[in-house]
Amino acid sequence: DRALDWIEMQHRAGESFFAYIPTNAPHGPFHDVPERLLAEYREVDLADDRFPQEQGHPLPGEADLDRRARIFSMITNIDENVGRLFERLEALGLTNDTIVLFMVDNGPNGNRYVAGMKGWKSHVHEGGVRSPLFVHWPGRLEAGHTSDRVAAHIDVLPTVLDATGVGVPEGVRLDGRSLWPLLSGETVDWPDR
């Protein structure tokens, strides 16, 4: 709520803005969950046999269904709030000129379903390190473009600087590299990381 209000205030003042909206979800402790969503997910069959397990790590034999319902509620809450962000940007006429990055830092912080991958947070396996990065900027990026190149959090700052035309401050050496060529569909030599 505060971020949306601040974005609107910046827009009304004619100011450019950078809003960083981190969430602590889905993450323990799993108590800060909207009751409306929790009630919905408590009605869903979330037993282990509802999730494909042909590969990757097996789910625990005794599933904590309350905890699982809380995790799913947190994920849905994030989805709804990202939707609210896009609705506000659209209402303010900012959608085409605003870069929105959605990303998470790592896999789950426990043995949860990770689409057949092995591992979780702090593990070096794909289930621990593979996470989404979605970039939305309809005024500059083609919808539906994907890349299979390996990138990391250290690439976000160089990417935003490159996309916005802001240079790296003199004397500053960044560890990452800009993903902008990958996002914009350019052919670029990308090392196997």
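The values are calculated or read from the model by the stated rules, or taken from the named source; none is laboratory data. Computed from a predicted structure; not experimentally measured. Please note: Cβ atoms are built from the backbone with ideal geometry, for glycine as well, and neighbour counts cover all protein chains shown. The area values use the complete protein model at the heavy-atom level, side chains included, leaving out ligands, DNA and RNA. Shrake-Rupley method; radii C 1.70, N 1.55, O 1.52, S 1.80 Å.
When you go through (1) in a loop (DSSP other than H, G, I, E, B); (2) more than 17 Å from the chain's Cα centre (by Cα); (3) over 16 Å from LEU182 (Cα atoms); (4) among the aliphatic types (A, V, I, L, M) one by one for LEU89, which number turns out not to apply?
So the condition that LEU89 fails would be (1).
Condition first: open to solvent by less than 60 Å² (accessible area, probe 1.4 Å) and under 20 Å from ASN111 (Cβ atoms). Can you find one or more residues in the stretch 3-26 that meet it?
yes
Collect the residues in the stretch 22-44 that are assigned to a loop (DSSP other than H, G, I, E, B) and modelled with pLDDT of 95 or more, keeping them in residue-number order. Don't jump to the end; show me each part of the working.
Of the residues in the stretch 22-44, the ones assigned to a loop (DSSP other than H, G, I, E, B) are 22-34, 43-44.
GLU43, VAL44, listed by residue number.
Just checking, which of VAL44, VAL33 is over 18 Å from the mean Cα position of the chain (by Cα) and buried (at least 16 other Cβ atoms within 10 Å of the Cβ)?
Numbers: VAL44 fails: buried (at least 16 other Cβ atoms within 10 Å of the Cβ).
Going through VAL44, VAL33 in turn, the sole match is VAL33.
Please go through the stretch 1-21 and give me each residue that is touching a residue at least 24 places away in the same chain (Cβ under 8 Å) and not in a loop (DSSP other than H, G, I, E, B), ordered by number.
ALA3, LEU4, ILE7, GLU8, HIS11 - these are the residues of the stretch 1-21 that are touching a residue at least 24 places away in the same chain (Cβ under 8 Å) and not in a loop (DSSP other than H, G, I, E, B).
So which of ALA115, ALA69 ends up being free of Cβ contacts under 8 Å to residues at least 40 places away in the same chain, over 15 Å from the mean Cα position of the chain (by Cα) and open to solvent by less than 70 Å² (accessible area, probe 1.4 Å)? So that I can check it myself, show each step before the final result.
On the way: ALA115 fails: free of Cβ contacts under 8 Å to residues at least 40 places away in the same chain.
After applying the criteria, what remains is ALA69.
Checking the structure you have, find out if any residue of the stretch 179-187 is open to solvent by less than 60 Å² (accessible area, probe 1.4 Å), at positive phi and touching a residue at least 24 places away in the same chain (Cβ under 8 Å).
Step one: filter the stretch 179-187 for residues open to solvent by less than 60 Å² (accessible area, probe 1.4 Å), giving 179-185.
Filter once more, so that each one left must be at positive phi: 185.
This time we only want the ones that are touching a residue at least 24 places away in the same chain (Cβ under 8 Å), so: 185.
Checking the stretch 179-187: at least one residue is open to solvent by less than 60 Å² (accessible area, probe 1.4 Å), at positive phi and touching a residue at least 24 places away in the same chain (Cβ under 8 Å).
Show the residue pairs meeting these rules: Cβ distance below 9 Å; 6+ apart or different chains; first residue within the stretch 93-106 and within 28 Å of LYS121 (Cα to Cα); second residue β-branched (Val, Ile, Thr) and open to solvent by 80 Å² or more (accessible area, probe 1.4 Å).
Every condition considered, the pairs that remain are VAL104/THR23; ASN106/VAL129.
Of the residues in the stretch 93-108, how many are of a type outside the set (A, V, I, L, M), closer than 23 Å to PHE72 by Cα and open to solvent by 50 Å² or more (accessible area, probe 1.4 Å)?
Count: 2.
Which of (1) outside any loop (DSSP other than H, G, I, E, B); (2) of a type in the set (D, E, K, R); (3) under 20 Å from VAL114 (Cα atoms) is the odd one out, the single condition GLU62 does not satisfy?
Here GLU62 meets the rest and fails (1).
Residues are listed down the side, and each one gets a yes or a no for (1) part of a loop (DSSP other than H, G, I, E, B); (2) within 30 Å of ARG88 (Cβ to Cβ); (3) at pLDDT 95 or above; (4) touching a helix residue (DSSP H, G or I) at 6+ places or on another chain (Cβ under 7 Å):
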position	(1), (2), (3), (4)
ASN106	yes, yes, no, yes
GLY110	yes, no, no, no
VAL124	yes, no, no, no
ALA143	yes, yes, no, no
ALA151	yes, yes, no, no
THR187	yes, no, no, no
ARG193	yes, no, no, no
